[in-house]
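These notes concern the structure reproduced below.
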Amino acid sequence: MSKIRAGSVLAAFLAASCFAQNPNYQPDPEWRAPTQAQARENPLAARPELAAGGRKLFVRNCAECHGRDGAGLEKIHSADLQLPVVQQESDGALFWKITNGNAKRGMPSFSKIPELQRWQIVLYLRTLKNQAESGPAAKSQPPTAAFQSAAALTSCFLISTPIRIP
């Protein structure tokens, strides 16, 4: 009896996760980062191992609306962060959007998260690109492969103290 119940719960969860994604996401054409913000480069770009900390920040701050896999939630019309339209944004534009939010679409500002941690989130968002490029089957898997090997070499940490960026 408990096996049947567990199977039913699992089936309901899988069905809900399929319908929860937001494959019809359309970006707000008016929500564009200023040219200067778009041109900003991620100061952590040469440190891909820090994406593991970005994942922790994403789960803590973003997954409630964007889902743990970044596919967005259709019910609240949140962005599918795996889509090419999102992945084609510059690091600076993604950073600006995280920092400023979009009240019109319900995206809060995350300017209270320290700057380097917001850049870590951008690093993590780039790991979602691999999921989008791999097709629909890849979307069902959590986007960890892109930084898993780097995370194994270093501890998964969040930047909480100043670091020197060359």
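Can you name the residue in the range 62-74 that is without any contact (Cβ under 8 Å) to a residue 60 or more places away in the chain and among the charged types (D, E, K, R) and is also least open to solvent (accessible area, probe 1.4 Å) among such residues?
Of the range 62-74, the ones without any contact (Cβ under 8 Å) to a residue 60 or more places away in the chain are 62-67, 72-74.
From what's left, among the charged types (D, E, K, R): 64, 74.
Numbers: Glu64: 157, Glu74: 71 Å².
That would be Glu74.
I'd like to verify a number: residues in the range 81-130 that are touching a Ser or Thr at 6+ places or on another chain (Cβ under 8 Å), within 18 Å of Cys65 (Cα to Cα) and assigned to a loop (DSSP other than H, G, I, E, B), how many?
Of the residues in that region, 5 qualify.
So Pro27 ticks every box in (1) open to solvent by less than 80 Å² (accessible area, probe 1.4 Å); (2) part of a helix (DSSP H, G or I) but one. Which box is left unticked?
Going through (1) open to solvent by less than 80 Å² (accessible area, probe 1.4 Å); (2) part of a helix (DSSP H, G or I) one by one, Pro27 breaks only (2).
Give the range 82-112 a look and list any residue that's farther than 18 Å from Arg40 by Cα and either open to solvent by 20 Å² or more (accessible area, probe 1.4 Å) or more than 13 Å from the chain's Cα centre (by Cα) (or both), or say none. So that I can check it myself, show each step before the final result.
Let us first name the residues in the range 82-112 that are farther than 18 Å from Arg40 by Cα, namely 82-85, 102-109, 112.
Of everything in the range 82-112, those that are farther than 18 Å from Arg40 by Cα and either open to solvent by 20 Å² or more (accessible area, probe 1.4 Å) or more than 13 Å from the chain's Cα centre (by Cα) (or both) turn out to be Leu83, Pro84, Val85, Asn102, Ala103, Lys104, Arg105, Gly106, Met107, Pro108, Ser109, Lys112.
Is there a residue being farther than 17 Å from Leu123 by Cα and buried (at least 16 other Cβ atoms within 10 Å of the Cβ) anywhere in the range 35-52?
No, every residue in the range 35-52 fails to be farther than 17 Å from Leu123 by Cα and buried (at least 16 other Cβ atoms within 10 Å of the Cβ).
Given (1) modelled with pLDDT of 95 or more; (2) surrounded by fewer than 16 Cβ atoms within 10 Å (Cβ to Cβ); (3) part of a loop (DSSP other than H, G, I, E, B), identify the lone condition not met by Val59.
(3)
Any idea which of (1) touching a His at 6+ places or on another chain (Cβ under 9 Å); (2) under 16 Å from Phe95 (Cα atoms) is the one Gly72 doesn't satisfy?
Going through the list (1) touching a His at 6+ places or on another chain (Cβ under 9 Å); (2) under 16 Å from Phe95 (Cα atoms), Gly72 breaks only (2).
The values are calculated or read from the model by the stated rules, or taken from the named source; none is laboratory data. No experiment lies behind these values; they were computed from the predicted model shown. Every residue, glycine among them, receives a Cβ derived from its backbone with ideal geometry; neighbour counts consider all protein chains shown. Surface accessibility is based on the protein's heavy atoms, side chains included, excluding ligands, DNA and RNA. Shrake-Rupley method; radii C 1.70, N 1.55, O 1.52, S 1.80 Å.
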